[in-house]
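Below: one structure, written as structure tokens.
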Amino acid sequence: MDLQFGFGQYFFLPIGDASTRETLELAKIEKAIALIIATRGDEVSHKISHLARKMTPQIRVIARSFDELMAETLLQSGYADEVFSIKVENRVVVVSLLR
């Protein structure tokens, strides 16, 4: 599925298993400047980020994590540039509601 945004920028959404080389190639990962990983499981996010980094070392990887230790692992391994932990985000929401 191709989506067009302003200034002639395109966003391509392939359908498939993003933890496979074939799907990432179909997504033209070699031309991408960023990859956002928002899976239902940390192990899958780890696998996708590792493969993406191997295929395209310069890509910016942003991943969601449910476990704080996995979030640290993704960052320390260099597989992800940014990791958003659901637990941390929930704490921020709770704290902001209490203020």
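The values are calculated or read from the model by the stated rules, or taken from the named source; none is laboratory data. As the structure is a prediction and not an experimental result, all values here were calculated from the model. Glycine also receives a Cβ, built like all others from the backbone with ideal geometry; neighbour counts cover every protein chain displayed.
Odds and ends about this structure:
- Here the stretch 25-39 is the region considered, the condition is being over 11 Å from Ser49 (Cβ atoms), among the aliphatic types (A, V, I, L, M) and surrounded by 12 or more Cβ atoms within 10 Å (Cβ to Cβ), and the residue that is modelled with the highest pLDDT is Ile29.
- Residue match in the stretch 50-58 (condition: aliphatic (A, V, I, L, M) and at pLDDT below 90): no
- Yes/no for Lys87 being at pLDDT below 85 and surrounded by fewer than 18 Cβ atoms within 10 Å (Cβ to Cβ): yes
- Residues of the stretch 44-67 that turn out to be more than 11 Å from the chain's Cα centre (by Cα) and without any contact (Cβ under 8 Å) to a residue 24 or more places away in the chain, as a count: 3
- Residue tally, condition more than 20 Å from Arg21 (Cβ to Cβ) and surrounded by fewer than 18 Cβ atoms within 10 Å (Cβ to Cβ), over the stretch 40-61: 1
- Options Glu72, Glu82: the member that is of a type in the set (Asp, Glu), farther than 18 Å from Gly16 by Cβ and more than 11 Å from the chain's Cα centre (by Cα): Glu72
- The set of residues in the stretch 51-83 that are closer than 13 Å to Ile29 by Cα and not polar (S, T, N, Q) comprises Leu51, Ala52, Arg53, Lys54, Met55, Pro57, Ile59, Arg60, Val61.
- Residue in the stretch 9-18 that is at pLDDT below 90, of a type in the set (S, T, N, Q), loosely packed, with under 12 Cβ neighbours inside 10 Å and not in a helix (DSSP H, G or I) present: yes
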